[in-house]
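The values are calculated or read from the model by the stated rules, or taken from the named source; none is laboratory data. These numbers come from a predicted model, not from an experiment. Reconstructed Cβ throughout: ideal geometry from the backbone, glycine too, with neighbour counts over all protein chains shown.
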Amino acid sequence: MADSGDKVILQDRFEIKPSARLAAFDQGTAQAFAAEDLSHPGRKLFALIASGTLPCVGLHLPERRGQIPVLWPEAVGMVDWPVRVEGGAQVWGRRPAMVYLQPAGERMAKTEDDPLPRLNEQMLTRTILKPAVEMLREFTLFAVPHRAIRPTNIYYAAGSSGDIVFGPCFGPMPGADQPVVYETVENGLANRHGRSASLADDIYALGVLLLALYMGRRPLRGMSDEQVIAAKINLGSFSAMSQGEKFSPTMAELLRGLLSDKVAERWTVRNIDMWMLGQYFNPVLPTLPQRATRPIRFGGGEHLSKPAIALAMACHWDEAIDFVDSGQLEAWLQRGFNDEKAAEPLAQIRGLAFSYGPGGGVKHRTVSRMIEFMGSSLPICYKGIRVHINSLGTMLASVIDQGPLRSEFAELLRGRLAQGWLEQQPKMTPELTQVRRMLDALDPLIDRPGPGYSIERALYELEPLSPCRSDLIADYCVTHLRDLLPAIDAALPGVDAGTLPMDRHIAAFIAARIGRGVERELNALANMADQTAYRLGVLRLLAVVHGVHPNHDLPRLGETIAAMLMPVIDSFHRLKSRDELRAKVKQFAGKSQFQELADLLDEEGPTRQIDQRGFIEAQQHYVALEKEAQWLENGGLTHPELIKASSRMSAAVTSALMASAVLAGFAVMMVA
Amino acid sequence: MAQAATKGAATKGATTKAAPAKGAAGKGAAAPRAAKKGGGSLLIILLLLPVALILLPTTMVVFLAMIPTMVARIVDTAPGRHLTITVGSLNFAGSLWFVHDVWADGQSFAAVQPALSDMMAWLAALLGAAAGWTIHWVMPAISGRIAATKSTVRLARLRKRQAELVEQWGEPVRSGLPPP
């Protein structure tokens, strides 16, 4: 888990060598390095170090039950890893690491251009299909997909032929390294990090693999990605990729089942099992889109179906804006499909595009909604973003640091384009209903600008595995709330003095993961002008996390919080209270008692209330004293009229007393 | 005097809410109080009248000795007639010499003439009246000095309390004051 000196050690057993790159085993954004099993020297291992900013499925793997024909990590965990050099000093960060045994055999194809072996039906079934089914059956139980089934990620068990093992799959984002031809229509068009991650996608990729190995060549070779997808749309995946190749009836039955473009009709592992046992299935016939009576020219080509023109619009975005504006599309839909009412849904789409989202992007949203309307099997498309509905989170995680794409993604969410895509689906599955619910819950959060909301909140709500992307703790790859406070504590010594342990990402990460409402805390963070309320908001939010995941060994965070709270203490009116509070804050912060700190300084708490009431009374008292002093200074007691009146009275009293004394003396004398 | 007292109360009443009500009440009650006061004087005269008649020689002598008081009563127009009381009290005290003379001669009409011829008795009566006038003239200066001292002490006490409040709550405690 930790390194000792320059060594990177995983689980006290595997040493990973940052200086020994094994680029041949790289998996997308995950880089491969040499590794050594300290308890069994001599084993040939390699380690995949995943990106610390993107979600990593590998960190949450269950225990493997037995041997399955796939490279499965020998060990998984977080390691302290040299991430960069700053000012001549090595900066270390935490990274997900997976240690694998190096495959004994060769890779089936080193590059996409390498020739593929040609296998007959029996060989395919024995060497490819059987291990694939074994693997997918296990993966079904784990509820994780492989998403890297392709010749360049398949190894021979030994030598350069025979049994195979599938390569590693948990390092990169699901499907990110797959060539477009191995992806379904919707995933092929999606950005690499916007592809879905389901076992149905694995089944499809397995179908393409079997087809390629049966033919001994790559299907649709030499075609651009757009052409590949267009061919799949226009002809159906099987017909497009088989390219006139002859298949035995059983093989055709298998491939048609695996390559069905409709997920509901695509075969499952159970179907393949039955097929291998010799059961006959009705062939899955391709569902081709309705063809227009006349083609429409757009994007340098002619298109005959709605999904085809939708694909072209997604690939030629700028042209699509003028195209939609020109009215050609309405005319084509009416005449080409003989549908007089075709304009109605388009008018509705324009209305929806106008209703939701920022004013400036109406045309873009109209194009996006047109694509959704005509190509419901395509991913959600908006400008440069093309994303599968199930991968909104992973896509956002990959673009959150890229200004323009991040803005486009935010516009996509604010324009309710994902909801629009769902509305165009012919059938709402339970999974889609769940996505719909999540998007509706996200809707009010995305439009609020304060910390804990907006696009950052969307990231952590949509992608539960995303690490916190705060600049403060980015190197610590915090994916779970329990690691947040220790990571902040560790990061604080390296930051500028006065840096607060909070930013938009940390606030959003907490709000999304804490599982309870933190509206009050987030509202306090929204108004930075009121520094007292802001700093108390920071404290309360961290205290909420601390309450859920207590940790009393956070000395640097405590110290920073104590320093952060000085202006809050100074906002108390009674000077003696400030001294008492400083002592208490230091005491609580030293013991990482953040909840006690929050209670002590709470705006509604007894300490604050007593101080506030006392101050108001003191102010009123001061004013009363000042008025009395002013009265005295203005001759309240020494006014001539007053003096005159009192002196007359005094003179009368004095005289009367003196006379009384004389009278008494006279009376005594007379009696005597 | 009553007017001045009401004015003073009204000025002081600015410090508290209860004070102006007090002042208003004082103003409203002035007329009935004057009537009551007039009634009291009549009662005293009625009670003293039989005594004066019984002691008629003494009354005659004292009446003449109290002439300075009558002058003071004529010039004293201020409410409360404090000057009359001041002069009258000491004038009466000085007039006791005459009383002694009359009573020493058996309190008869025959003793009136000799008593009135006693120069020392006249001196005592007039000196008493003069002392009353002197007190009346000197007292404003003394009262003024006493009031100034009281005012200074009270102001110092107020400023000290204000300083304590500032020390306890800081400068913002002054912020409740209206702008100058």
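Which one of these does B:Val75 not meet: (1) hydrophobic (A, V, I, L, M, F, W, C); (2) within 14 Å of another protein chain (Cβ to nearest Cβ); (3) under 28 Å from the mean Cα position of the chain (by Cα); (4) surrounded by 12 or more Cβ atoms within 10 Å (Cβ to Cβ)?
The number of the failed condition is (4).
Any chance the range A:338-354 includes a residue that's of a type in the set (A, V, I, L, M, F, W, C), modelled with pLDDT under 95, more than 30 Å from A:Thr429 (Cβ to Cβ) and surrounded by fewer than 24 Cβ atoms within 10 Å (Cβ to Cβ)?
The answer is yes, given that some residue of the range A:338-354 is of a type in the set (A, V, I, L, M, F, W, C), modelled with pLDDT under 95, more than 30 Å from A:Thr429 (Cβ to Cβ) and surrounded by fewer than 24 Cβ atoms within 10 Å (Cβ to Cβ).
Within the range A:132-142, identify whether any single residue is in the same structural domain as A:Glu253 (by TED's automatic domain parsing), of a type in the set (S, T, N, Q) and closer than 24 Å to A:Pro286 by Cα, and answer yes or no.
no
Which pairs have Cβ atoms under 7 Å, sit 6 or more apart or on different chains, and link a residue in the range A:614-638 that is more than 7 Å from every other protein chain (Cβ to nearest Cβ) to one that is outside any helix (DSSP H, G or I)?
A:Gly614/A:Arg574
Report yes if some residue within the range B:111-118 is of a type in the set (A, V, I, L, M, F, W, C) and either within 13 Å of chain A (Cβ to nearest Cβ) or closer than 18 Å to A:Val653 by Cα (or both); otherwise report no.
no
Among the residues of the range A:558-592, what is the count of those that are in a helix (DSSP H, G or I), hydroxyl-bearing (Ser, Thr, Tyr) and within 14 Å of another protein chain (Cβ to nearest Cβ)?
1
Can you tell me how many residues in the range B:162-180 are surrounded by 15 or more Cβ atoms within 10 Å (Cβ to Cβ), at the interface with another protein chain (Cβ under 7 Å from one of its Cβ atoms) and in a helix (DSSP H, G or I)?
7
Could you go through the range B:135-144 and let me know if any residue there is surrounded by 14 or more Cβ atoms within 10 Å (Cβ to Cβ), polar (S, T, N, Q), farther than 25 Å from A:Gly665 by Cβ and modelled with pLDDT under 95.
For the range B:135-144, residues surrounded by 14 or more Cβ atoms within 10 Å (Cβ to Cβ), polar (S, T, N, Q), farther than 25 Å from A:Gly665 by Cβ and modelled with pLDDT under 95: present.
Only residues that are assigned to a strand (DSSP E or B) and over 14 Å from A:Phe170 (Cα atoms): list them for the range A:83-100, please.
Those that are assigned to a strand (DSSP E or B) and over 14 Å from A:Phe170 (Cα atoms): A:Val83, A:Arg84, A:Val85, A:Glu86, A:Ala89, A:Gln90, A:Val91, A:Trp92, A:Gly93, A:Arg94.
Inspect the range B:91-105 for any residue being surrounded by 14 or more Cβ atoms within 10 Å (Cβ to Cβ), closer than 24 Å to B:Met60 by Cα, within 16 Å of the chain's Cα centre (by Cα) and in contact (Cβ under 8 Å) with a residue 24 or more places away in the chain and give the result as yes or no.
Yes, the range B:91-105 has at least one match.
Quick one: would you say B:Gly132 is in a helix (DSSP H, G or I) and either within 9 Å of chain A (Cβ to nearest Cβ) or at pLDDT below 95 (or both)?
Yes, satisfied.
So which residues in the range A:249-286 are small (Gly, Ala, Ser) and either at pLDDT below 90 or assigned to a helix (DSSP H, G or I) (or both)?
Within the range A:249-286, A:Ala252, A:Gly257, A:Ala264, A:Gly278 meet the criteria.
So that you can scan it fast, the table gives a plain yes or no per residue for (1) closer than 30 Å to A:Gly327 by Cα; (2) surrounded by fewer than 19 Cβ atoms within 10 Å (Cβ to Cβ):
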residue	(1), (2)
A:Thr268	no, yes
A:Trp275	no, no
A:Gln279	no, yes
A:Leu285	no, yes
A:Thr293	yes, yes
A:Arg297	yes, yes
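For A:Arg448, are the conditions met, namely being surrounded by fewer than 19 Cβ atoms within 10 Å (Cβ to Cβ) and part of a helix (DSSP H, G or I)?
Taking the combined requirement at face value, the residue does not satisfy it.
Does A:Ser368 fit the bill of being within 29 Å of A:Leu465 (Cα to Cα) and surrounded by fewer than 22 Cβ atoms within 10 Å (Cβ to Cβ)?
No: the conditions fail for A:Ser368.
Just to check your reading of the model, which residue among B:Gly94, B:Gly88 is modelled with pLDDT of 90 or more, touching a Leu at 6+ places or on another chain (Cβ under 6 Å) and either closer than 19 Å to A:Phe666 by Cα or more than 14 Å from chain A (Cβ to nearest Cβ) (or both)?
Being modelled with pLDDT of 90 or more, touching a Leu at 6+ places or on another chain (Cβ under 6 Å) and either closer than 19 Å to A:Phe666 by Cα or more than 14 Å from chain A (Cβ to nearest Cβ) (or both) holds for just one of B:Gly94, B:Gly88, which is B:Gly94.
Condition first: among the β-branched types (Val, Ile, Thr), under 24 Å from A:Lys232 (Cα atoms) and in contact with a Leu (Cβ under 9 Å, 6 or more places away or on another chain). Now tell me which residues in the range A:366-406 satisfy that.
Passing the criteria: A:Ile371, A:Ile380, A:Ile385, A:Val387, A:Ile389.
Quick one: would you say A:Arg84 is basic (Lys, Arg) and under 28 Å from the mean Cα position of the chain (by Cα)?
Considered against the rule, which asks whether it is basic (Lys, Arg) and under 28 Å from the mean Cα position of the chain (by Cα), A:Arg84 comes out as yes.
If the Cβ limit is 7 Å and pairs must be 6+ apart or interchain, which residue in the range A:394-414 that is outside the structural domain of A:Pro174 (by TED's automatic domain parsing) pairs with which residue that is among the charged types (D, E, K, R)?
A:Thr394/A:Glu463; A:Leu396/A:Glu463; A:Ala397/A:Glu463; A:Val399/A:Arg406; A:Ile400/A:Arg406; A:Ile400/A:Arg469; A:Glu408/A:Lys383; A:Arg414/A:Asp447
Does A:Leu432 count as of a type in the set (A, V, I, L, M) and surrounded by fewer than 18 Cβ atoms within 10 Å (Cβ to Cβ)?
yes
Give me the residue from the range A:639-653 that is surrounded by fewer than 19 Cβ atoms within 10 Å (Cβ to Cβ) and facing another protein chain (nearest Cβ under 7 Å) and, out of that set, nearest to B:Val173 (Cα to Cα).
Filtering first and then ranking leaves A:Glu641.
Only one of these conditions is not met by A:Met223: (1) touching a Leu at 6+ places or on another chain (Cβ under 9 Å); (2) outside any helix (DSSP H, G or I); (3) surrounded by fewer than 18 Cβ atoms within 10 Å (Cβ to Cβ); (4) modelled with pLDDT of 90 or more. Which number is it?
(1)
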